[in-house]
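One structure below.
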Amino acid sequence: MRTFSLSVVALMAVVPTVACGGGSVLYEQVPAPDSMLLQAASQEFPDAAEFTIFAGDDFNVSDAAGWSVETLETYFTTDNGSGLSPEGVRWIVWEDASGEPGAELLNVVSDGFDPITGVAGIDLVAGDGALALPAGDYWFTSQIIGDISSFGQEFHRGSLDGTGTSNFLWNNPGGGFGIPGGWVDANDAGLSDVSNLAFQVSGSIIPEPTTLGLLAVGSLVFLRRRG
């Protein structure tokens, strides 16, 4: 019988940090070394809903006019479950609500991750389009979708990056893991050694209005000179 866990108990495959799509890397927390075993549960269990658990980590959009997010990438362990790709991966971007995830700005499902590397990525442009995020704080969740009975359980890889940001938070709405209701700082509560999760946000910086105006004037001057 498969059992549930909040953290990994075995070594996993090496995961390369390769970008999954176009655009520039806007924010990145790379996976911690394998030997550190820093991983955290973040999985939807269709056959055991009470154990479904969300792991969310914060990031900041630092550019004044915001970002156009085109791709997201994340990293999972690969050798604790069945060795198969899961049913899918859920991607959520949340507004910040006083230091924890608030309203959902994005909630989409993609195919499962690569069962060899554990890398998962989604191209938002190929779906409903890039996600525009104004300057400010946000939260990121990537969640495996897989039955405990057939897929087993894998884990979101942790990161040593993210110094100065908040610790990742857990939310287990069904209470299967016995975590108090709502979002919980697992590290401060002594439930996890992980402080931050590994993920990557890519796309482009939205130009500020003054920059767009200067570009327009420059183009007009260029056209007049050609004329």
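Things worth noting here:
- Karplus-derived HN-Hα couplings along region 27-34 (A = 6.51, B = -1.76, C = 1.60, θ = phi - 60°), whole Hz, x at Gly and Pro: 7, 8, 10, 7, x, 5, x, 3
- Potential lengthening between residue 24 and residue 111 on full extension [0.36 nm per residue; Cα-Cα distance subtracted]: 29.0 nm
- The stretch between residue 49 and residue 188 holds 47.5 nm of extra length on full extension. This uses 0.36 nm per residue minus the Cα-Cα distance.
- If you sort the three axes of the alpha carbon gyration tensor as a ≥ b ≥ c, you get a/c of 1.5 or more for region 124-194 and a/b no higher than b/c, which makes it oblate.
- With the charge dipole of region 24-226 set up from +1 on Lys and Arg Cβ and -1 on Asp and Glu Cβ about the Cα centre, the Cα lying farthest toward the positive end among the listed residues 173, 136, 74 is that of 136.
Only the coordinates and a few stated rules stand behind these numbers; no lab work does. Note that this is a predicted model, so its numbers are computed, not measured. Glycine also receives a Cβ, built like all others from the backbone with ideal geometry; neighbour counts cover every protein chain displayed.
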